[in-house]
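Visitor: Here's a structure for you.
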Amino acid sequence: MCRGDDPNCIHYEAHRQRFRAALEPERRAFLKSGFVATGGAAALAAGGLSLVTPALAETAQRRQPARLSHYHLPASAETVHWGFFSRLLKPQVEVESGDLVTIETLTHHANDDAERMVAGDPGAESVFLWTRERKGVDRRGAGPMDAKIGAGGGLGVHICTGPVAIRGAEPGDVLEVRILDVAPRPCANPKFKGLAFGSNAAANWGYHYKDLLTGDKPREVVTIYEIDATGGRDWARAVYNFRWPGVTDPSGVHHPIIDYPGVPVDHARTQRNFDVLKGIRVPVRPHFGVMGVAPKEADTVNSIPPSYTGGNIDNWRIGKGATLYYPVAVPGALFSVGDPHASQGDSELCGTAIECSLTGTFQLVLHKAADLPGTPLEGLDFPMIETAQDWVVHGFSYPNYLKDLGPEAQSEIFAKSSVDLAMRDAFRKMRRFLMTAKGLTEDEAISLMSVAVDFGVTQVVDGNWGVHAVVRKSIFPAPASA
């Protein structure tokens, strides 16, 4: 029976309102509790170890309204920005510190199989609408609007929902983003009830592209995956794959390779191979490839390279239960979410994850600059993950490529990245974290990094390559007050 989660139900809206009403008493009690307002869940799970000290949590709670609110931001042609971050975007909603926001996100690969990922879904249909006369969302990327390939030039590909402004946020503050829930967006096509789908493109920007062994070289191959949207199984299976056939879009532009997001694929022109990855179960770990706040260095910034304000980090650990910390660069912070993934391995080697539309619920907590001295968040100038078990720092080839590479940064970053540079940045950030947040000497930090910190390649496909460093909380003694 529909509980407000089946858009095909003729009583969908009534069921949705009934379900929300049934949850309301519990939600109000949850929001009013000091437990959620001070990060109690994370602190308990970690034995009291959190970057937000009790004193900092108490200060943040005092700044919050007596009654917190819960907002819902749907994904539609009116609420998304495609392929870029911008300090000039008008907020879709403004919230107080501590408020919750449920945000719908759409994968920019949905038109790889519109029957499974677009059809019957009003939000997705409004975003992916593209006829000879008009596009639901015209600009796709940070490039020029008159680019021959399409408005925005495809210089940035991710559909981002938002931004959300946090009232009172100013440069120098830190935004704490708690991911309370993540769920796949169910397919709205009655033929595939109870399922969700995602696309993996082994594409021209992939690390593998010029290092193929067999068949036609080079080639781009798209694999469509199926996920159980009801939560009945925690793995994905491949449905079929196909070679990118070369596509002419509704505006008459031909795309011999995957070079512009959201181009509708006509499967009358593809050869679908349904005999693929038989018996393979891919663990589902839903997360957001793109999540962050607006940078200050330029009016319009390509969504592909990650940077100090977050963005396209592509770390599968950015899922339910994780907390992200971002340095605020512009007034209001302007938080956006996109590039939803059903699963991804470290490196995102072939160019994409299982790109699958998701809905997330977030709590946004603002920590003012004046409250940060003497805390682990003092001087934070990069995106950092905290989970119940780990702290994760992110190193990039260029920590702030927009500043580091000058006026041509948004083009030069794609030619200058390396794993070596990203590894050195991750090392330096973890060393600083261990010395400042954990009080170690430099010699202690270096020894600990070699014996107890795991460094991994986050991604090698996003222009500004990434290396993450993971340290387990359990190796540190619990605070005396815990």
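The values are calculated or read from the model by the stated rules, or taken from the named source; none is laboratory data. Just so it is clear, the structure is predicted and the values come from calculations on it, not from any experiment. Here Cβ is always computed from backbone atoms with ideal geometry, including for glycine, and neighbour counts include all displayed protein chains. Surface accessibility is based on the protein's heavy atoms, side chains included, excluding ligands, DNA and RNA. Shrake-Rupley method; radii C 1.70, N 1.55, O 1.52, S 1.80 Å.
Visitor: I'd like the FRET efficiency for residue 248 and residue 416, computed as 1/(1 + (r/R0)^6) with the beta carbon distance as r and R0 of 30 Å, rounded to 0.05. Mind dumping the intermediate values first?
Guide: Values: r = 34 Å, r/R0 = 1.13.
Efficiency, rounded to the nearest 0.05: 0.30.
Visitor: Any idea how far the Cα center of the stretch 171-238 sits from the one of the stretch 50-105, in Å?
Guide: Taking the Cα centre of each part, the stretch 171-238 and the stretch 50-105 sit 25 Å apart.
Visitor: Can you give me the Cα centroid spacing of the stretch 251-311 and the stretch 454-471 in angstrom?
Guide: If you average the Cα positions of each part, the centres end up 18 Å apart.
Visitor: For the stretch 165-220, what is the accessible area per residue in Å², given a 1.4 Å probe and the full set of protein chains?
Guide: Numbers: 2610 Å² over 56 residues.
Ligands and nucleic acids excluded, the result is 47 Å² per residue.
Visitor: With each run of n ≥ 4 DSSP H residues scored as -39500 (n - 2.57), what mean residue ellipticity at 222 nm is computed for the chain after dividing by its residue count and rounding to the nearest 500 deg cm²/dmol?
Guide: Working: 10 runs with 92 residues, N = 482.
Per the formula, -5500 deg cm²/dmol.
Visitor: Given a 1.4 Å probe and every protein chain left where it sits, what share in percent of the accessible area of the chain is carbon and sulfur? Working shown, then result.
Guide: Numbers: 10950 of 20500 Å².
Solvent-exposed carbon and sulfur of the chain make up 53 percent of the total.
Visitor: Quick check: from the Cα gyration tensor, does the stretch 288-402 come out rounded (a/c under 1.5), prolate or oblate?
Guide: Details: a/c = 1.62, a/b = 1.32, b/c = 1.22.
Prolate is the answer for the stretch 288-402, as a/c is 1.5 or above and a/b outweighs b/c.
Visitor: Treating cross-link reach as a plain straight distance, find the lysines whose alpha-carbon is under 28 Å from the alpha-carbon of residue 278, omitting any fewer than eight places away in the same chain.
Guide: Here the lysines satisfying the reach criterion relative to residue 278 are 191, 193, 210, 217.
Visitor: Does the stretch 153-253 classify as rounded, prolate or oblate by the C-alpha gyration tensor (a ≥ b ≥ c root eigenvalues; a/c under 1.5 gives rounded; else a/b over b/c gives prolate, otherwise oblate)? Present the calculation step by step, with values, prior to reporting the outcome.
Guide: On the way: a/c = 1.98, a/b = 1.35, b/c = 1.47.
Since a/c reaches 1.5 but b/c is at least a/b, the shape of the stretch 153-253 is classed as oblate.
Visitor: Same structure, new question: Work from the charge dipole of the chain (Cβ charges, +1 for Lys and Arg, -1 for Asp and Glu, about the Cα centre) and give the residue of 427, 212, 202 farthest towards its positive end.
Guide: The residue sitting farthest along the positive end of the dipole is 202.
Visitor: Using a 7 Å offset from Cα along Cα-Cβ at residue 277, what residues in the stretch 318-349 end up with backbone N under 17 Å from the label point?
Guide: Of the residues in the stretch 318-349, 340-349 have backbone N under 17 Å from the label point off residue 277.
Visitor: How big is the dipole moment of the chain about its Cα centre under a simple scheme where the beta carbon of each Lys and Arg is +1, that of each Asp and Glu is -1, and everything else is neutral? Debye, nearest 20, please.
Guide: Details: 49 positive and 55 negative charges, 158 e Å.
That gives a dipole near 760 debye.
Visitor: What whole-number volume per residue, in cubic angstrom, does the convex hull of the C-alpha atoms of the chain give? It would help to have the intermediate numbers written out before the result.
Guide: Numbers: hull volume 73.6 nm³, N = 482.
Looking at the chain, the number lands at 153 Å³ per residue.
Visitor: If we count every other residue with Cβ under 13 angstrom of residue 131's Cβ, Lys/Arg +1 and Asp/Glu -1, where does the sum land? Walk me through the intermediate numbers first.
Guide: Working: positive: 132, 134, 135; negative: 125, 133, 138, 249.
Around residue 131, the charge tally is -1.
Visitor: Around residue 346, what is the net charge, scoring Lys/Arg as +1 and Asp/Glu as -1 over all other residues with Cβ under 11 Å from its Cβ? Could you put the intermediate results ahead of the total?
Guide: Details: positive: 317; negative: 314, 348, 454.
Cβ neighbours under 11 Å give a net charge of -2.
Visitor: Let me ask something else about it. Please enumerate, by chain and number, the lysines with C-alpha under 17 Å from the C-alpha of residue 403, excluding those fewer than 8 residues away in the same chain.
Guide: Residue 403 reaches 296, 416.
Visitor: Now a separate question. Summing Lys, Arg as +1 and Asp, Glu as -1, what charge do residues with Cβ under 12 Å from the Cβ of residue 259 carry, residue 259 excluded?
Guide: Working: positive: 140, 148; negative: 220, 249.
Value of the local net charge: 0.
Visitor: If you don't mind, there's one more thing I want to ask. For the pair residue 138 and residue 237, how long in nm is the line joining their label points, each one 7 Å along Cα→Cβ?
Guide: Distance between label points: 4.5 nm.
Visitor: I would also like to ask the following. What number comes out for accessible area per residue over the stretch 351-482 if the probe is 1.4 Å? Units Å², please.
Guide: Averaged over the residues of the stretch 351-482, the accessible area is 41 Å².
Visitor: Could you sort 258, 413 by accessible area so the largest value comes first, with the probe set to 1.4 Å?
Guide: Values: 258 25, 413 0 Å².
Ranked from most to least accessible, the order is 258, 413.
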